[in-house]
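*Asks:* If you scroll down you'll find the structure; I have some questions about it.
Just so you know, all these numbers are worked out from the coordinates, no wet-lab data involved. What you see is a predicted model, and the numbers here were worked out from it, not measured in a lab. Ideal geometry is used to build each Cβ from the backbone, glycine not excepted, and the neighbour counts take in all protein chains shown.
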């Protein structure tokens with residue numbers, strides 16, 4: 001057995017890893033079931049920072065969304081970028097997209113297409129969101145943006161001068177943003193934004209990043225970074241928080257539209273979110289007696305409607321993670337067993 | 001364990017050949033079931049615009065600027081009826097749609113032909129198979145498999161894919177460098193008229209010469225850029241040392257400020273923390289105590305970790321006695337950090353692998369349908385049932 005393990009062709013390990021990743025993808029893809037996520041304080045802090053953006057100034061939050069990644073790391077970062085746009089769109093924040101990576105604009109377009117175009121078509125380009133596109137120059141761009149935004153960005157990606165874009169009115173430098181939300185795959189990325197914007201101008205900043213970067217960025221939390229999402233695990237946690245919150249918001253919106261006052265609607269929505277399976281029963285209770293049948297039907301629809309696939313990307317990828325990590329642990333144990341067995345044999349000889 | 005470059009035994013070759021053949025056979029069988037796999041559909045939209053001449057707003061009697069409106073809008077139709085010779089431009093736009101939209105269209109047209117009636121398309125235009133995008137999808141699948149094939153052993157498919165990636169990346173960077181750096185940062189500022197004429201027709205020209213003159217200092221980066229290119233000429237290579245010195249000096253100055261403020265001072269400040277901290281969870285007395293213990297322990301561990309790791313990197317004193325013990329604690333902290341970094345890296349790489357396999361199963365093979373792009377019949381569930 002030890003001899004077999006010692007001479008094991010590494011390609012069997014590759015095959016085992018491929019199966020550990022592929023089979024859960026197939027099973028999750030066919031059943032639609034994902035592994036439940038318990039959010040950590042880091043993901044909750046990320047969510048809360050976006051949720052309260054602009055509140056200190058008593059205005060609709062102005063969020064700079066810097067997507068500094070490319071397709072090579074989209075598998076890890078795309079889920080968090082999509083959830084970020086999802087939360088901003090649902091919260092009604094003004095979104096200013098930009099990138100310091102040449103392929104970043106394509107990543108921005110993908111997020112806009114998957115979230116805004118499909119689920120929030122009422123949002124208006126130029127009033128609710130704008131794509132400033134790619135700007136070459138790495139950290140120098142951030143530095144210049146801190147002094148004067150229009151020096152770096154004179155038009156958006158469509159070539160429209162910034163003066164003609166309504167939501168750019170009054171935006172002169174980085175300090176006019178309420179929050180910087182960065183999705184980073186490397187250089188330039190989180191570190192540069194922390195050093196040249198969050199620290200120098202005291203602008204609140206949150207960041208989602210690849211697993212490779214995460215351990216190096218933890219020291220910035222909670223000082224310079226107000227929230228942090230590390231790798232696909234952070235993405236899945238954040239995704240689950242946003243999905244639950246969005247459903248709660250939709251419950252509240254339906255209740256308000258049905259005539260309930262806002263404070264009461266929020267309270268009831270939170271209660272319904274605790275047990276979404278019992279919404280149908282609740283609509284027949286005395287508490288829901290004042291609601292019209294249309295609102296009741298809408299509440300049941302919201303409770304039973306499946307979450308769109310694009311908002312479950314991160315959670316779907318946690319299934320393969322589980323089995324791949326189990327395999328890794330098994331291989332590490334086996335490797336150690338083989339090592340100690342060989343050492344013992346060597347000692348005897 | 002065997003290296004990938006080592007020769008394989010006959011039995012190993014046979015096993016791997018069987019694995020590859022099984023995969024190929026599965027792909028062929030899958031392609032023949034249902035309505036196929038790996039297709040991309042687009043919706044065609046006719047984007048025709050008519051130019052409205054000035055002063056067309058009769059209602060308000062105001063003089064409006066000439067503007068372009070869609071020919072299928074009410075305003076556009078009315079204007080075209082009145083002015084059949086108006087200036088019209090148009091093009092076709094193709095937007096990618098989910099395959100299920102195509103299936104719905106096909107089913108609707110089949111029903112319509114059965115009932116001998118005509119049915120209008122639901123969207124702005126007809127949905128059709130896009131050959132360029134379908135080929136692109138298959139090329140992406142081929143390159144994904146070609147890169148994966150390296151795990152079996154080095155081979156011509158992998159070499160080809162690797163070379164294409166390197167070549168395309170280099171070409172892409174060059175184009176990006178020209179259009180996103182040289183054109184907007186240099187040509188547009190130095191000679192706006194030239195840029196508008198040849199590169200960026202939509203740009204606005206400076207209103208007056210006074211607005212333009214300050215841009216002349218962009219001659220300095222132009223000269224520095226040309227000096228950098230002189231590196232290609234062996235006899236004039238020394239010219240490039242000047243711009244290089246400028247780049248190194250600028251970056252050093254820029255980074256020094258950033259790192260001192262953002263890393264050095266801020267991290268020292270973040271490390272000076274109280275060893276006792278009240279817990280944030282106050283639901284029950286037990287939880288409060290427990291939370292306080294954890295919060296304080298976290299702070300104590302941070303302080304010990306910072307000091308112990310610093311001692312490990314302090315080589316002016318021999319690591320013996322108390323210093324040696326503290327340095328050993330520092331090593332533990334470093335090892336735990338490296339372990340966490342390794343774990344995160346593994347997680348990241350598996351996520352990337354999962355994304356590629358999802359692409360193969362979903363977009364290419366149509367085995368799963370997490371984003372509900374197709375009908376259930378087209379997914380593997382339908383096939384199994």
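*Asks:* Where in region A:236-272 does the amide nitrogen come within less than 17 Å of the point 7 Å from the Cα of residue A:304, taken along Cα to Cβ?
*Replies:* The answer is A:251, whose backbone nitrogens lie closer than 17 Å to the label point.
*Asks:* Pick out which of B:350, B:368, B:223 has the largest mean-square fluctuation in a Gaussian network model of chain B, springs linking Cα atoms closer than 10 Å.
*Replies:* B:223
*Asks:* Can I ask one more? Over the whole of B:361-373, what's the average partner chain Cβ count within 10 Å per residue? Rounded to a whole number, please. Display every interim value, and only then the final one.
*Replies:* Details: counts 4, 3, 0, 0, 0, 0, 4, 10, 4, 12, 8, 5, 1.
Across B:361-373, the average partner-chain Cβ count within 10 Å equals 4.
*Asks:* Taking the Cα of residue A:6, stepping 7 Å toward and past its beta carbon, and measuring to each backbone N in region A:320-343: which are under 13 Å?
*Replies:* Hits in region A:320-343 for residue A:6 at 13 Å: A:338-343.
*Asks:* Hey, with R₀ at 45 Å, roughly what FRET efficiency would residue B:173 and residue B:9 work out to, going by the Cβ-Cβ distance, to 0.05?
*Replies:* Working: r = 43 Å, r/R0 = 0.96.
According to the calculation, E is roughly 0.55.
*Asks:* Also: Over all Cα pairs of chain B, how is the pair count split among 20 Å bins, expressed in % and running from 0 up to the last occupied bin?
*Replies:* That works out to 13, 28, 40, 17, 1, in percent per bin.
*Asks:* Under a crude label model (7 Å from the Cα following the beta-carbon direction), how far is residue A:345 from residue A:163 in nanometres?
*Replies:* 8.0 nm
*Asks:* Apply 1/(1 + (r/R0)^6) to the Cβ-Cβ distance of residue B:23 and residue B:110, taking R0 = 41 Å, and write down the FRET efficiency to the nearest 0.05. Could you put the intermediate results ahead of the total?
*Replies:* Values: r = 35 Å, r/R0 = 0.85.
Efficiency at R0 = 41 Å is approximately 0.75.
*Asks:* Once you have the Kirkwood Rh of region A:41-241 from its Cα pairs, apply Stokes-Einstein at 25 °C and 0.890 mPa s and quote D in µm²/s. Don't skip to the end; give the middle numbers.
*Replies:* Working: Rh = 16.3 Å.
The Stokes-Einstein estimate is 150 µm²/s.
*Asks:* Run the numbers on region A:141-264 and let me know its relative contact order in percent, using alpha-carbon pairs under 8 Å that are six or more apart.
*Replies:* Details: 136 pairs, mean separation 21.3, N = 124.
Once divided by the residue count of region A:141-264, the mean separation gives 17 percent.
*Asks:* According to a simple spin-label model (label point 7 Å from Cα along Cα-to-Cβ), what is the distance in nm between residue A:275 and residue B:322?
*Replies:* 6.2 nm
*Asks:* Give the angle, between 0 and 90 degrees and rounded to the nearest 10, that separates the Cα long axis of helix A:10-31 from the longest principal axis of the Cα atoms of chain A.
*Replies:* Roughly 40 degrees, rounded to the nearest 10.
*Asks:* In nm, to one decimal, how far is the modelled label at residue B:231 from the one at residue A:13, with both set 7 Å along Cα→Cβ?
*Replies:* My value for the distance between the label points is 3.9 nm.
*Asks:* Continuing with the same structure: Under the classification rounded if a/c is under 1.5, otherwise prolate if a/b is larger than b/c and oblate if not, where does region B:258-358 fall, given a ≥ b ≥ c as square roots of the Cα gyration tensor eigenvalues?
*Replies:* Details: a/c = 1.75, a/b = 1.06, b/c = 1.66.
Taking the square roots of the gyration eigenvalues as a ≥ b ≥ c, region B:258-358 is oblate.
*Asks:* Turning to a different aspect of this structure: May I ask you to list the residues of region B:15-54 whose amide nitrogen lies under 20 Å from a point 7 Å from Cα along the Cα→beta-carbon direction of residue B:92?
*Replies:* Within reach of a label on residue B:92: B:39-50.
*Asks:* Can you bin chain A into rounded, prolate or oblate? Criterion: square roots of the alpha carbon gyration tensor eigenvalues sorted a ≥ b ≥ c, rounded for a/c under 1.5, prolate for a/b above b/c, oblate for the rest. Can you show the working numbers first?
*Replies:* Values: a/c = 2.33, a/b = 1.26, b/c = 1.85.
Judged from the Cα gyration tensor, chain A comes out oblate (a/c at least 1.5, b/c at or above a/b).
*Asks:* Per DSSP H run of n ≥ 4, the term is -39500 (n - 2.57); total these for chain B, divide by its residue number, and report the mean residue ellipticity at 222 nm rounded to 500 deg cm²/dmol. List each step's numbers first, then the result.
*Replies:* Details: 13 runs with 207 residues, N = 385.
It lands at -18000 deg cm²/dmol.
*Asks:* Also, quick follow-up: Would you mind calculating the gained length between residue B:181 and residue B:163 on full extension (0.36 nm times residue separation, minus the Cα-Cα distance), in nm to one decimal?
*Replies:* Working: separation 18, 0.36 × 18 = 6.48 nm, distance 2.61 nm.
Stretched out fully, the residue B:181 to residue B:163 stretch lengthens by 3.9 nm.
*Asks:* Moving to a separate point now. Compute the FRET efficiency between residue B:205 and residue A:44 as 1/(1 + (r/R0)^6), taking r as their Cβ-Cβ distance and R0 = 51 Å, and round to the nearest 0.05.
*Replies:* Values: r = 51 Å, r/R0 = 1.00.
So the FRET efficiency works out to roughly 0.50.
*Asks:* State, as an integer percentage, the relative contact order of chain A based on alpha-carbon contacts under 8 Å between residues 6 or more apart. Display every interim value, and only then the final one.
*Replies:* Working: 534 pairs, mean separation 78.2, N = 349.
Value for chain A: 22 percent.
*Asks:* Helix B:10-32 versus the longest principal axis of chain B: what angle, 0 to 90°, nearest 10, using Cα atoms?
*Replies:* The helix B:10-32 is inclined about 30 degrees to chain B.
*Asks:* What is the distance in Å between the Cα centroid of region A:86-120 and that of region A:284-349?
*Replies:* Spelled out, the Cα-based centre of one part sits 26 Å from the other.
*Asks:* Angle check, please: helix A:318-348 long axis (alpha carbons) against the longest principal axis of chain A (alpha carbons), in degrees 0 to 90, nearest 10.
*Replies:* Around 20 degrees separate the two axes.
*Asks:* For chain B, modelled as a Gaussian network with Cα springs under 10 Å, which listed residue fluctuates most, B:14, B:107, B:86?
*Replies:* B:86
*Asks:* Also, quick follow-up: Which whole-number percentage describes the relative contact order of chain B, with Cα contacts under 8 Å and a sequence gap of 6 or more?
*Replies:* Details: 332 pairs, mean separation 54.6, N = 385.
14 percent.
*Asks:* Equivalent ellipsoid semi-axes for region A:242-308, as square roots of 5 times the alpha carbon gyration tensor eigenvalues: give them largest first, rounded to whole Å.
*Replies:* The answer is 17, 13, 11 Å, longest axis first.
*Asks:* Okay, next question. Could you tell me the center-to-center distance, by alpha carbons, between region B:13-56 and region B:201-241 in angstrom?
*Replies:* Between the Cα centres of region B:13-56 and region B:201-241 lies a distance of 46 Å.
*Asks:* Compute the length gained on full extension between residue B:44 and residue B:31: take 0.36 nm times their separation in residues and subtract their Cα-Cα distance, giving the result in nm to one decimal. Intermediate results must be reported in sequence, preceding the final value.
*Replies:* On the way: separation 13, 0.36 × 13 = 4.68 nm, distance 2.61 nm.
Result: 2.1 nm gained on full extension.
*Asks:* Also, I was wondering about something else. Roughly what percent of Cα-Cα pairs across region B:177-254 reach past 17 Å? List each step's numbers first, then the result.
*Replies:* Working: 1717 of 3003 pairs.
Pairs farther apart than 17 Å: 57 percent.
*Asks:* For a protection proxy built on the mean count of beta-carbon atoms within 10 angstrom, sort B:72-83, A:291-302, B:354-365 highest first, please.
*Replies:* B:354-365, A:291-302, B:72-83
*Asks:* By the gyration tensor of its Cα atoms, with a ≥ b ≥ c the square roots of the eigenvalues, what is the shape of the protein assembly as shown: rounded for a/c under 1.5, prolate for a/b over b/c, or oblate? Intermediate values should be presented prior to the final figure.
*Replies:* Details: a/c = 1.31, a/b = 1.17, b/c = 1.12.
Rounded, since a/c falls under 1.5.
*Asks:* Here's a follow-up. So what is the 222 nm mean residue ellipticity for chain A from helices alone, if each DSSP H run of at least 4 adds -39500 (n - 2.57) and you divide by all residues, rounding to the nearest 500 deg cm²/dmol? The partial results should precede the final answer.
*Replies:* Working: 15 runs with 177 residues, N = 349.
Helix-only estimate at 222 nm: -15500 deg cm²/dmol.
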